[in-house]
Amino acid sequence: MPRRLWLRIGLVVLVVVGSIWYLYPPRESINLGLDLQGGIHLMLGVEVDKYVVGQTERAAEDLKNALERKGVAVKRVVREGLSTVVVELASATNWNDALTVAAELASFEVGQRDEKAGRFTLVMRERQLAQLRDDAVRQAVETIRNRVDQFGVAEPTIARQGDNRILIQLPGVQDPDRAKALIGKTALLEFKLLDEQTPVEQALAGRVPETSEILHQRRVDKETKVERRQPYVVQK
């Protein structure tokens, strides 16, 4: 067969194959967006102030315990408002000792003082307040990302929007009710204290106290994409 004929046949084959590829591209080669293949679009708000309130209440409890260990009797140590701790001493004679203990709370500074009444307040520093709010949103994003992984979505969008909102787009997800139920749980995050008395090795061996449980944090290496699950023992 003449060489020119072979070239013509080859050219025709290439044109046909190229046309088929153009008209019917392999599905895995194209990542369709939310507008083309459908899916779920959500905007969640993180209740950051609830996290701040929880941290303030823990600080008040820690301060109360520290004062009692120091031998300073108190009437009450409670949270007031968003991020203020009110301290009322049983006796003003321990005023200086109480202030010394309170100074150990680096995230707070002394506000109002009434030495005669044995009463003072601690106010969370603005930098710490901003950090807690940022931590709440970042942890929410990570928690949502872990939940979304259960759907096996190729290219989900989980992005922070503004100070306390999270944009979620799940292209191709065909079960919106299940997705909303699963992701919606992450909008109410629960922050737990570490159980520092129980070694992780002991817990993994099955010896977990009734008041504690094991939780895992998912970590993915940005370069190798290798996923690790870090276990923690936390209080229930």
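Quick one: what pairs do we get from the stretch 41-63, first residue more than 22 Å from Gly162 (Cβ to Cβ), second in a helix (DSSP H, G or I), C-beta under 8 Å, 6+ apart or different chains? Cβ pairs passing all conditions: Leu63/Val101; Leu63/Ala102.
Condition (residue is aromatic (Phe, Trp, Tyr) and more than 18 Å from Ile166 (Cβ to Cβ)) applied to the stretch 136-154: is it met by at least one residue?
First, pick out the residues of the stretch 136-154 that are aromatic (Phe, Trp, Tyr): 151.
Then keep just the ones that are more than 18 Å from Ile166 (Cβ to Cβ); that gives none.
Within the stretch 136-154, none of the residues are aromatic (Phe, Trp, Tyr) and more than 18 Å from Ile166 (Cβ to Cβ).
Among the residues that make up the stretch 110-119, is at least one of them touching a residue at least 24 places away in the same chain (Cβ under 8 Å) and out of contact with any strand residue (DSSP E or B) (no Cβ under 7 Å at 6 or more places or on another chain)? Scanning the stretch 110-119, I find at least one residue that is touching a residue at least 24 places away in the same chain (Cβ under 8 Å) and out of contact with any strand residue (DSSP E or B) (no Cβ under 7 Å at 6 or more places or on another chain), so the answer is yes.
When Val87 is tested against (1) over 16 Å from Val52 (Cα atoms); (2) loosely packed, with under 13 Cβ neighbours inside 10 Å, just one condition goes unmet, and that condition is (2). Identification of helices (runs of 4 or more DSSP H) wholly contained in the stretch 122-236 with 3 or more residues that are modelled with pLDDT of 70 or more, out of contact with any Cys (no Cβ under 6 Å at 6 or more places or on another chain) and closer than 30 Å to Val110 by Cα yields 126-148. Regarding Leu105, is this residue aliphatic (A, V, I, L, M), surrounded by fewer than 17 Cβ atoms within 10 Å (Cβ to Cβ), assigned by TED's automatic domain parsing to the domain that holds His41 and without any contact (Cβ under 8 Å) to a residue 60 or more places away in the chain? Against the criterion (aliphatic (A, V, I, L, M), surrounded by fewer than 17 Cβ atoms within 10 Å (Cβ to Cβ), assigned by TED's automatic domain parsing to the domain that holds His41 and without any contact (Cβ under 8 Å) to a residue 60 or more places away in the chain), Leu105 does not qualify. Taking the stretch 89-98 on its own, how many of its residues are of a type in the set (D, E, K, R) and within 13 Å of Val110 (Cα to Cα)? Final tally of qualifying residues: 0.
Here is a yes/no grid of residues against (1) surrounded by 14 or more Cβ atoms within 10 Å (Cβ to Cβ); (2) closer than 16 Å to Ser107 by Cα; (3) at pLDDT below 90; (4) not assigned by TED's automatic domain parsing to the domain that holds Gln174:
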site	(1), (2), (3), (4)
Met43	no, no, yes, no
Val46	yes, no, yes, no
Val53	yes, yes, no, no
Ala59	yes, yes, no, no
Glu68	no, no, no, no
Val77	yes, no, no, no
Leu82	no, yes, no, no
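The values are calculated or read from the model by the stated rules, or taken from the named source; none is laboratory data. Note that the structure is a prediction, hence the values are computed from the model and not measured. Neighbour counts run over all protein chains shown; Cβ positions are idealised from the backbone, glycine included.
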